[in-house]
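Enquirer: Questions regarding the structure given below will be posed in turn.
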Amino acid sequence: MTKYIFVYGTLMKCTPPNKWSKILHNNSTFIGDAYVIGEMFNINWFPGLVAGDKKVYGEVYEIKNNDIYVDLDDYEDYHADDEKSSLFVRKVTIATLVESGKELEVSAYYYNKVVNPYNKITTGKFTDFLEKVETLQKK
């Protein structure tokens, strides 16, 4: 666990609010837009971060109380005592703040299953994927 968390999908403030994003936003302070190194894939209606060499964009929050990780672990289906069965695993990585270039040690949830290579979100931005889906739905 770290003082900071990097989120890149349904927990971001720029996506439609849900129960879990409200828990995060009520128990943390937004630090800024950031990126980590990896790759992003569309899993279903949510993205998954995996190891890679591209920029994956999201947001960094400063956690006010580490107890929030109990809720976030539940949301991400992460089981510290059984990572093999976990949908996501929480790992420590480095996030770079877009505006300042400052690097922070953050926790991030990495997708823990096999990804479909055709579902890669090449821009590394979940919001780009959402916009594309919305455009396709209007057609």
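Enquirer: Between the DSSP loop rule and a limit of at most 12 other Cβ atoms within 10 Å, which chymotrypsin sites (Phe, Trp or Tyr not before Pro) in the range 1-75 are left?
Expert: Trp45
Enquirer: Using only Cα atoms, figure out Rg for the chain and give it as a multiple of 2.2 N^0.38 Å. Walk me through the numbers before you get to the answer.
Expert: Values: Rg = 14.3 Å, N = 139, 2.2 N^0.38 = 14.3 Å.
Relative to the 2.2 N^0.38 Å estimate, the chain comes out at 1.00.
Enquirer: Helices from the chain with mean Kyte-Doolittle at least 1.0 and a Cα length along the axis of 15 Å or more, per DSSP H: which? Before the final figure, lay out the partial values.
Expert: Details: long enough: 126-138 (18 Å, -0.45).
TM-like helix candidates: nothing returned.
Enquirer: For the range 21-118, what is the accessible area per residue in Å² when the probe is 1.4 Å?
Expert: Normalised by residue count, the accessible surface of the range 21-118 is 55 Å².
Enquirer: What is the Cα centroid distance between the range 74-133 and the range 3-55, reported in whole angstrom?
Expert: First find each Cα centre; the distance between them is then 7 Å.
Enquirer: Ignoring ligands, DNA and RNA, what percent of the 1.4 Å accessible area of the range 62-111 is carbon and sulfur?
Expert: Values: 1190 of 2870 Å².
Answer for the range 62-111 is 41 percent, counting heavy atoms of protein chains only.
Enquirer: A further question follows. Through the Karplus equation 6.51 cos²θ - 1.76 cosθ + 1.60, θ set to phi - 60°, convert the phi angles of the range 56-61 into ³J(HN,Hα) values in whole Hz; use x for Gly and Pro.
Expert: Calculated HN-Hα couplings, in order: 10, 9, x, 9, 10, 10 Hz.
Enquirer: Right, here's the next one. For Lys102, enumerate residues with amide H under 5 Å from its amide H, sequence gap 5+ or separate chain, H modeled in the peptide plane.
Expert: Leu97
Enquirer: Specify whether the C-alpha gyration tensor of the range 78-130 places it in the rounded, prolate or oblate class, a ≥ b ≥ c being the square roots of the eigenvalues: rounded for a/c under 1.5, otherwise prolate if a/b is larger than b/c and oblate if not.
Expert: Taking the square roots of the gyration eigenvalues as a ≥ b ≥ c, the range 78-130 is oblate.
The values are calculated or read from the model by the stated rules, or taken from the named source; none is laboratory data. Since the structure is predicted, the reported quantities are computational estimates derived from the model, not experimental observations. Note that each Cβ is placed from the backbone with ideal geometry, even for glycine, and that neighbours are counted across all protein chains shown. Just the protein is used for accessible areas: all its heavy atoms, side chains included, with ligands, DNA and RNA removed. Shrake-Rupley method; radii C 1.70, N 1.55, O 1.52, S 1.80 Å.
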